[in-house]
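Undergrad: Once you've had a glance at the structure underneath, I'll fire off some questions.
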Amino acid sequence: MDSDERYMWVALDLARQGRGKTSPNPMVGAVLVRDGEVVGTGFHEKAGSRHAEVIALQEAGEKARGAALYTNLEPCCHQGRTPPCTEAIINAGVRKVVIASIDPNPLVSGKGIRRLRDAGIKVKVGVLEEKARRLNEVFFKYITTKKPFVAVKTAMTMDGKIATSLGKSRWISGEKSRKFVHRLRSTADGIMVGINTVLQDDPRLTVRLDGEEGPNPVRIIIDSKGRLPLESRIVKTASETKTILATTEFAPPDKLEALRSCGVGVMVLPLKRDQVDLQELMSALGEREICNILVEGGGTLNYSLLAENIIDKFYIFIAPLLIGGEKAPTLLEGVGVGTLEDAWAVENIEMKQLDNDLLIIGYPVRRKEVVYRDSGRIGDSIRSATC
């Protein structure tokens, strides 16, 4: 590992300290190095606060002059909630900037790098780029599409069941896995379930870590017919934890008014096959700067989201249990696909063991798309070899 990679790892570790606190901004870390010594560090703590580069520069003071700056994302060059970082870097006399990834934000993309180079600063781009992009996968999706990054969490048995035939699912996964899920919740902007999950389990959908609750993500309930019970725990706590009901014109107006009076936000969305139009819902949530959604629903909602190509990531917990039963629900219900060629592949697999449970993390993509993309990669390799 060369020195640029070593210091970029430090920047990435710093950036992770802002996880769950910076939305809709990215996680960014910065390290200033002069004569082999780290003279300043910083990370972006929350939206609207100082950026990582500025914090590192202020810590370094005069030692920033002639130093090298390492950051996992291209410094901003526009006036937002805070002044442009490029000007602070230039004014501090930094001689070199090493960047992991270009910022996909159209207001910045490439412009920050150009501004630094125009000022005579040496700029190197692409150090640990893939690591940096994965760290900010939520930001990269949201800033380029204005739609949330959607991750699905599910716990299932070794025979693929997420509940018994009687709908009992507490608890399939172990305690360590459940704590992991609460950490996931704590980093999400929103947590989403379908109405059947509410009717079956009456969940709270809150963050509970180390005996304390909150801060909580926005709770989003998909309920095309307005069946959300007024006596449910979600409705009873709607005045304390922001809650959104995504519904359609099928919902009775008087029921919606009663839910509003309890503090539930109501979004009446277009119909698609007699259900909530999920693409319209994603656009509406994106407009509210809900950038990162964790789905904890059942097989019907999971399949509907997958069929619409909305799911970006899976967290699948597999417990060493066997349930059986033809009517026991599975991770994905719906109509499914007719051939394996039409199936989804799961890429970039990561596995963890949490006590007796196995956690599989991966990214779904249609297999036909995988074949096409891999063919393109092979073609690129051939062209490179013959040039």
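The values are calculated or read from the model by the stated rules, or taken from the named source; none is laboratory data. A quick note: this is a predicted structure, and the numbers were derived from the prediction, not measured. Virtual Cβ from ideal backbone geometry, glycine too; neighbours counted across all protein chains shown. Heavy atoms of the whole protein, side chains included, go into the accessibility calculation; ligands, DNA and RNA do not. Shrake-Rupley method; radii C 1.70, N 1.55, O 1.52, S 1.80 Å.
Undergrad: Over the Cα atoms of segment 1-149, Rg to Rh with Kirkwood Rh, two decimal places? Display every interim value, and only then the final one.
TA: Details: Rg = 13.8 Å, Rh = 14.8 Å.
With Rh from the inverse mean 1/r over Cα pairs, Rg/Rh is 0.93.
Undergrad: Could you give log10 I(q)/I(0) at q = 0.13, 0.17, 0.23 Å⁻¹ for segment 225-276, computed by the Debye formula over C-alpha point scatterers of equal weight, without solvent?
TA: Each listed q maps to, in turn, -0.28, -0.47, -0.80.
Undergrad: Further, regarding this structure: What whole-number value in cubic angstrom gives the convex hull volume per residue for the C-alpha atoms of segment 105-260?
TA: 194 Å³
Undergrad: How long are the three semi-axes of the equivalent ellipsoid for the chain, computed from the Cα gyration tensor as the root of 5 times each eigenvalue, in whole Å, largest first? Before the final figure, lay out the partial values.
TA: Details: eigenvalues 337, 127, 84 Å².
So the equivalent ellipsoid measures 41, 25, 20 Å along its semi-axes.
Undergrad: Counting only Cα, what are the radius of gyration and maximum Cα-Cα distance Dmax of segment 283-358, in Å?
TA: 15.0, 43
Undergrad: Now, a different point. Would you mind computing, in nm to one decimal, how far apart the modelled labels at Phe250 and Lys272 are, each placed 7 Å from Cα along Cα→Cβ?
TA: 1.5 nm
Undergrad: Solvent-accessible area of Asp274, probe 1.4 Å, all protein chains present, reported in Å² to the nearest ten, please.
TA: Number for this one is 100 Å².
Undergrad: So what's the gap between the Cα centers of segment 1-55 and segment 306-352, to the nearest angstrom?
TA: Their Cα centres are 36 Å away from one another.
Undergrad: Cross-link candidates for Lys168: which lysines have Cα within less than 22 Å, leaving aside residues fewer than 8 places away along the same chain?
TA: Counting by Cα, and skipping residues close in sequence, Lys168 has these lysines nearby: Lys153, Lys176, Lys179, Lys327.
Undergrad: Dipole size in debye (nearest 20) for segment 52-155 around its Cα centre, Lys and Arg Cβ +1, Asp and Glu Cβ -1?
TA: Working: 18 positive and 10 negative charges, 50 e Å.
With Lys and Arg at +1 and Asp and Glu at -1, about 240 debye.
Undergrad: Would you work out the Kirkwood radius for segment 68-164? I mean one over the mean of 1/r across all pairs of different Cα atoms, in Å. Don't skip to the end; give the middle numbers.
TA: On the way: mean 1/r = 0.0651 Å⁻¹.
After inverting the pairwise mean of 1/r, the radius is 15.4 Å.
Undergrad: Ok, one more. Please find, in a Gaussian network model of the chain (springs between Cα atoms separated by less than 10 Å), the residue of Leu332, Leu278, Leu107 whose mean-square fluctuation is greatest.
TA: Among Leu332, Leu278, Leu107, the largest mean-square fluctuation in the Gaussian network model of the chain belongs to Leu107.
Undergrad: Pop a pseudo-label 7 angstrom from the Cα along the beta-carbon direction at both Asn309 and Arg204 and give the gap in nm to one decimal.
TA: Distance between label points: 4.0 nm.
Undergrad: Roughly what would the spin-label model give for Ala258 and Val346, points 7 Å off Cα along C-beta, in nm?
TA: If labels sit at Ala258 and Val346, their model points lie 4.0 nm apart.
Undergrad: Show me the ranking of peptides 26-32, 325-331, 206-212 by mean Cβ neighbours inside 10 Å, starting with the highest. Don't jump to the answer; show the numbers that get you there.
TA: Numbers: 26-32: 28.3, 325-331: 14.6, 206-212: 12.3.
The densest-packed peptide leads the list: 26-32, 325-331, 206-212.
Undergrad: Additional query: Taking all pairs of different Cα atoms in segment 131-181, averaging 1/r and flipping that mean, what Kirkwood radius in angstroms comes out? All intermediate terms of the calculation are to be shown ahead of the outcome.
TA: Working: mean 1/r = 0.0732 Å⁻¹.
Over segment 131-181, the inverse of the mean reciprocal pair distance is 13.7 Å.
Undergrad: Rounded to two decimals, what ratio of Rg to Rh does segment 270-316 give with C-alpha atoms and a Kirkwood Rh? Could the numbers behind the result be given before it?
TA: Details: Rg = 11.0 Å, Rh = 11.6 Å.
Expressed as Rg/Rh, it is 0.95.
Undergrad: What value, in deg cm²/dmol to 500, does the helix sum -39500 (n - 2.57) over DSSP H runs of n ≥ 4 give at 222 nm once divided by the residues of the chain? Don't skip to the answer; put the middle values down first.
TA: Working: 13 runs with 127 residues, N = 387.
That calculation yields -9500 deg cm²/dmol at 222 nm.
Undergrad: OK, next. Can you run phi through the Karplus equation (6.51, -1.76, 1.60; θ = phi - 60°) for segment 35-44 and list ³J(HN,Hα) in whole Hz, with x for Gly and Pro?
TA: 6, x, 10, 6, 10, x, 9, x, 9, 6
Undergrad: Given R₀ = 25 Å, what would the calculated FRET efficiency be for Leu107 paired with Glu287, taking r from the Cβ atoms and rounding to 0.05?
TA: Numbers: r = 18 Å, r/R0 = 0.71.
That gives a FRET efficiency of 0.90.
Undergrad: Here's a follow-up. Could you provide, to the nearest whole Å², the per residue accessible area of segment 161-268 with probe 1.4 Å? Before the final figure, lay out the partial values.
TA: Numbers: 5300 Å² over 108 residues.
For segment 161-268, the per-residue accessible area is 49 Å².
Undergrad: If Lys and Arg each add +1 and Asp and Glu each add -1, what is the summed charge of the other residues whose beta carbon sits under 13 Å from the beta carbon of Asn292? The partial results should precede the final answer.
TA: Values: positive: Arg19, Lys21, Lys141, Lys147, Lys153, Arg185, Arg288, Lys313; negative: Glu137, Asp189, Glu289, Asp312.
Counting the neighbours of Asn292, the net charge comes to +4.
Undergrad: Ignoring ligands, DNA and RNA, what percent of the 1.4 Å accessible area of the chain is carbon and sulfur?
TA: Details: 9580 of 19250 Å².
It is 50 percent, rounded to a whole number.
Undergrad: Strictly over 23 Å apart at the Cα level, which of Lys46/Lys96; Lys96/Lys147; Lys131/Lys352; Lys46/Lys141; Lys161/Lys242; Lys63/Lys111 would you flag in this model? Mind showing how you got there, number by number?
TA: Values: Lys46/Lys96 26 Å; Lys96/Lys147 35 Å; Lys131/Lys352 18 Å; Lys46/Lys141 19 Å; Lys161/Lys242 31 Å; Lys63/Lys111 26 Å.
Flagged as over cut-off: Lys46/Lys96; Lys96/Lys147; Lys161/Lys242; Lys63/Lys111.
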